[in-house]
Structures are given as structure tokens and as C-alpha cells.
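A quick write-up on the structure given underneath.
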Amino acid sequence: MKFRNFKMVGYVVYGRGSFNQLDEILAPQRKGDAPMIFLVDHFFEGKPLLNRIPVRGKDKVILADVTYEPKTTQVDALAKQLKEEFGTVSGIIGIGGGSTMDLAKAVGLMMNNPGSSADYQGWDLVKVPGVYKVGIPTLSGTGAEVSRTTVLTGPTRKLGMNSDFTPFDQIVLDPELTANAPANQRFYTGMDCYIHCIESLEGTYLNEFSKSYGEKALQLCQKVFVEKDTWDDTCDDMLMMASYAGGMSIAYSQVGVAHAVSYGLSYLLGTKHGIGNCIVMNHLEEYYPAGVKEFKYMVEKNQIEIPTGICKGLSDEQFNKMMDVSLGMKPLWENALGADWEKIMTRDKLRALYEKL
Ligand code: NAD
Ligand code: ZN
């Protein structure tokens, strides 16, 4: 048995208002007049947060269009633009949801690695460290702030650049930044964390490391989405730590059925990660009975609409493509169903599940 020796985030600052320390945090990382690049979720265009960014010298703020989840072409174009404009940069700071944080990680890596980001979709293909990278979440749930991957849609697959060079050097966890996110978005991204916990805790890869983080994250999600009747600051505080702990839990285990199936949806239909996981989770009683029951309760209590019928009218060819993408996620299936997963999750069974969504 070979144990995973995983690389973690370098520095963590947590607290309401900790964003105000960013200037001080960045100062020692500045290399001569090479700029810091702030990649900011386009949601913040015209919002007060933009004026709080500690821009100095040649620093540049770029608004990230995250209408669609990040693509390798988008990463390559951004890295090329920055190399042409500045040669080198002191660092990349991603401020936004999982999509913006993933973009920042990937662009940071591609500043120093040759070729296209698509060449590095997979495990441990990145050989050269990227530039200094900072992650600042404005939505809580994905765990992208702690993970060693950056999920990208490429020419042939949706797969992360998983490597020891991928985690951020610094993260700034300021729950004030997630206040006022729309209730639906907050729920979908929050449920990503809830589902990470269920998949990790119910998986065959479970160990005490994952369990201790997973149980804590699950408990925080339950406080926020089951126990609380109205949203307040403590919900933002708790969900930010749930996301962190949920990410730590899957770092030493793996996600499961909801993610494996949702990846197929997102590849073919462009369904976003959070909502896609919810659409799938709604139909997974067979695999996660207690989790799905509670999930449905949270949907109802928080008055969220989960789309249905999204696979209606798809062709055989389209179903096959989704199944290929999904069944390609071998570690996820193995974690969920054990070493004999291929005997359990046959193509017929998976097709029937997709048809229900
Ligand atoms: P997101 O980043 O895709 O953003 C969703 C929407 O919310 C966007 O329209 C965005 O502009 C908006 N938004 C962001 N912050 C906001 C705020 N404070 N208030 C209002 N609106 C705001 O959503 P997400 O769920 O955080 O991230 C999903 C992405 O994360 C996917 O691309 C997925 O692949 C990725 N992901 C990565 C990992 C990882 O480990 N790297 C893990 C899970 C998911
Ligand atoms: Zn997820």
C-alpha cells in the first residue's frame, strides 16, 4: 500500500475583514516591478470590492468571465496575454467562486509551463512550479481553495491539472465576501460541500483523516441548511469552514457517484458543477439513502428548485458520450462502489440513471 503524500496550501488567513490584510500579505512576494494580477469574478464588476483591491505599480485587475466553467482555451489565452504584456508576473490572485479560483490556479501554472493547459489534464503531469498563487473565495462549498486540482474543460475531456504545484501558496478566507450571494447559488455551491462529505464518508477509501474533516464539514452544513431558519453572518462563517474541511476530507479520500455522473452532464450539456451535483443527488437513494433523504429535506426547507428532465430527448450517441465521460472517472466509482464497481455500475444501469435526471 502506498500512502498519498499530499501537498497543502502554504498559508491560510481566516476571519471577517481578513481581506484587508491582502496588501501586507502580498508585499514580500513582489519581485521588482513585476505586477500582481488580480483575476476577479465578473460578478464584482462595479461592486465596492473592486475598490478594495490593493493595486500597486503595474498591477492589473482582470475580470474573469465565468458564465461557463473554465476551459483550457481560456486559460491558455489569459496566460499568453500576460506573458506578452509583462513577460513575467509576481503572482496571480483569484477572487471569486470555484471557477475563478480554478482559472487563477491554472493560469498561474501556465505562466511557467510550456504548451497548452490541455497537455496537463491528468495526474502529476505538471513538472515546473507556477508563479505565486493566492485564492480568495467569494462562494463557499467547492473546496477549490484547498485542493490540488483545477477542473478544466479541454478539447477531449473535463479533467483537472492535478499536481503538487497546483495548490495555492496562500488563501484568504474572509466570510464577509460570501455575504449577499443569491440564495440559489449559495445552496448549489454549499451542496457541493455537503455532497463531498457524503461521498467521502460513505466511500470505501474512508480513513480517520478524511472522516474527521468530513464529519466536521457535514455537521457545519447541517447547521446552516437544516437547523437555521434564516441566513445570518454565522452561516457565512460556518459554510466557509465547511468548504475548507470538506476539501480536506476528499484530499485524502475521493468523491463518488454524484460527481461521477455529474461530470458527464457537465461535459455534454455544460451543466454547472453545483447544480449538476444536486440534479444527480436527487436520484441517488440507492447509493446514499440517509444523505439523499436529508438532501431532499434541505431542498424543501430552503425552497430551492432542482431542475428535472434535463436529459429528455437526448440521442443514444449523446447518452453514450455522457456515460463514457462518467465511467472514465474510475477512482470515483471505485471509492463509491468498491473494487468490483464495474460489475455493479453497468452501462444499462447508468443509462437508466441518466434517463431519470
Ligand atoms: P462559480 O465560481 O462557477 O460561480 C457561479 C456564479 O456565481 C457565477 O455567475 C459567479 O459570477 C457568481 N458569484 C461568485 N461569487 C459571488 C458572490 N459572492 N455573490 C454573487 N454571485 C457570485 O461557482 P462555484 O460553485 O463556486 O464553483 C464551481 C466551479 O468550481 C466549477 O467550475 C467546478 O468545476 C469547480 N470546482 C473545482 C474544484 C477543485 O477542487 N478545484 C472542486 C469543486 C468544483
Ligand atoms: Zn464538487
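Tabulated data for the structure shown
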quantity	calculated
Test: residue in the range 170-186 that is away from ligand 2 (no atom under 15 Å from the Cβ), within 18 Å of M8 (Cα to Cα), open to solvent by 10 Å² or more (accessible area, probe 1.4 Å) and out of contact with any strand residue (DSSP E or B) (no Cβ under 7 Å at 6 or more places or on another chain)	no
Leading residue by the ranking (most open to solvent (accessible area, probe 1.4 Å)) among those in the range 192-233 that are closer than 18 Å to Y252 by Cβ and of a type in the set (K, R)	K216
Filter result (part of a helix (DSSP H, G or I) and buried (at least 16 other Cβ atoms within 10 Å of the Cβ)) within the range 30-43	F43
Tally of residues being of a type outside the set (A, V, I, L, M, F, W, C) and open to solvent by less than 70 Å² (accessible area, probe 1.4 Å) across the range 335-357	6
Any hit, the range 78-88, residues being buried (at least 17 other Cβ atoms within 10 Å of the Cβ), in contact (Cβ under 8 Å) with a residue 60 or more places away in the chain and on the phi < 0 side of the Ramachandran plot	no
Selection within the range 131-147 - under 21 Å from T72 (Cβ atoms) and more than 14 Å from ligand 2 (Cβ to nearest atom)	V131, K133, G135
Selection within the range 167-179 - outside any loop (DSSP other than H, G, I, E, B), farther than 18 Å from G91 by Cα and in contact with a Ser or Thr (Cβ under 6 Å, 6 or more places away or on another chain)	L177, T178
Verdict on D164 being outside any helix (DSSP H, G or I) and within 17 Å of the chain's Cα centre (by Cα)	yes
Residues within the range 249-290 that are touching a residue at least 40 places away in the same chain (Cβ under 8 Å), open to solvent by 10 Å² or more (accessible area, probe 1.4 Å) and of a type in the set (V, I, T), tallied	3
Hits in the range 60-84 - residues which are in contact with a strand residue (DSSP E or B) (Cβ under 7 Å, 6 or more places away or on another chain) and among the basic types (K, R)	K60, K71
Scope the range 6-24; condition open to solvent by 20 Å² or more (accessible area, probe 1.4 Å) and in contact with a Leu (Cβ under 9 Å, 6 or more places away or on another chain); matching residues	V12, V13, Y14
Any chance G46 is in a loop (DSSP other than H, G, I, E, B), more than 9 Å from ligand 1 (Cβ to nearest atom), touching a residue at least 24 places away in the same chain (Cβ under 8 Å) and on the phi > 0 side of the Ramachandran plot	no
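The values are calculated or read from the model by the stated rules, or taken from the named source; none is laboratory data. Worth saying up front: this structure is predicted, and the values here are computed from it rather than measured. Note that we place each Cβ from the backbone using ideal geometry, even for glycine, and neighbour counts take in every protein chain shown. In case anyone asks, the SASA skips ligands and DNA or RNA and just uses the protein heavy atoms, side chains included. Shrake-Rupley method; radii C 1.70, N 1.55, O 1.52, S 1.80 Å.
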